[in-house]
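Visitor: Pasting a structure here, questions to come.
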Amino acid sequence: MLQGFKDFILRGNVIELAVGVVIGAAFTAVVTAFSDNIINPLLAAIGGVDYSGLGFFVREGNDATFVDFGALITAIINFLLIAAVIYFLLVAPMNKLDEAQKRRKGIDPEEPTPTETELLTEIRDLLANQNPINANKPLN
C-alpha cells in the first residue's frame, strides 16, 4: 500500500501540479498587488470621487447592500492576467519542449495521434495475421 502511494507521489504529473500550484499562488500575490494599487484606483476614478468606485447601494445608508462592479471587474482582470502569464510562461514553453522531443525521436508533431479504436483494430489485425487457422473466420 505504501509503495502505491510512493509511486503516485513520485509520478511526474503530481510534481508538476505541485510546482504549478506554488507558482500560481506566488503569482496571485503579484497580480493582487497590481490590482489593488493600479486597477482599483483607476476604476474608482471612473466611478467618481466616491470611494466605492463602480457600484451602487441597493438601500442607501446600508453598507451591506453595496453592489460593487469594480470588484467584479478587478477579479476578471486578475483571472485574465494570471491565465495569460501561466499560459505564456509555462504552457507554451512546455508545448515547444514536447514538440522538440517528438522531433528528436522521429515523431511528426503535426501527425494526429491514432485513436484507441484505430490502435485496437491494428492489434486485432496483427493477431489475426499471426494465427492463420482463424484468419478465414469472420470477426464479430
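Visitor: Which numbered condition trips up Asn136, out of (1) modelled with pLDDT under 80; (2) within 22 Å of the chain's Cα centre (by Cα)?
Guide: Of everything listed in (1) modelled with pLDDT under 80; (2) within 22 Å of the chain's Cα centre (by Cα), Asn136 misses just condition (2).
Visitor: Pairs needed: first member in region 120-140, part of a loop (DSSP other than H, G, I, E, B); second member anywhere, at pLDDT 60 or above; C-beta distance under 6 Å; at least 6 residues apart or different chains.
Guide: Ala135/Ala128
Visitor: Also, quick follow-up: So, Leu80, is that one surrounded by fewer than 14 Cβ atoms within 10 Å (Cβ to Cβ) and either closer than 21 Å to Ala33 by Cα or among the charged types (D, E, K, R) (or both) or not?
Guide: Here the answer is yes, as Leu80 does meet what is asked.
Visitor: A follow-up question, please. Would you say Pro109 is more than 30 Å from Val21 (Cα to Cα), at pLDDT below 85 and surrounded by 10 or more Cβ atoms within 10 Å (Cβ to Cβ)?
Guide: The answer is no for Pro109.
Visitor: If you go through region 56-74, how many residues are surrounded by 12 or more Cβ atoms within 10 Å (Cβ to Cβ) and either of a type in the set (Ser, Thr, Tyr) or part of a helix (DSSP H, G or I) (or both)?
Guide: 6
Visitor: Go through region 80-109 and give me each residue that's in a loop (DSSP other than H, G, I, E, B) and among the hydrophobic types (A, V, I, L, M, F, W, C).
Guide: The answer is Ile107, and nothing else.
The values are calculated or read from the model by the stated rules, or taken from the named source; none is laboratory data. Fair warning: this is a prediction, and the values are worked out from it, not measured in the lab. A quick note on method: Cβ atoms are made from the backbone with ideal geometry, for glycine too, and the neighbour counts reach across all protein chains shown.
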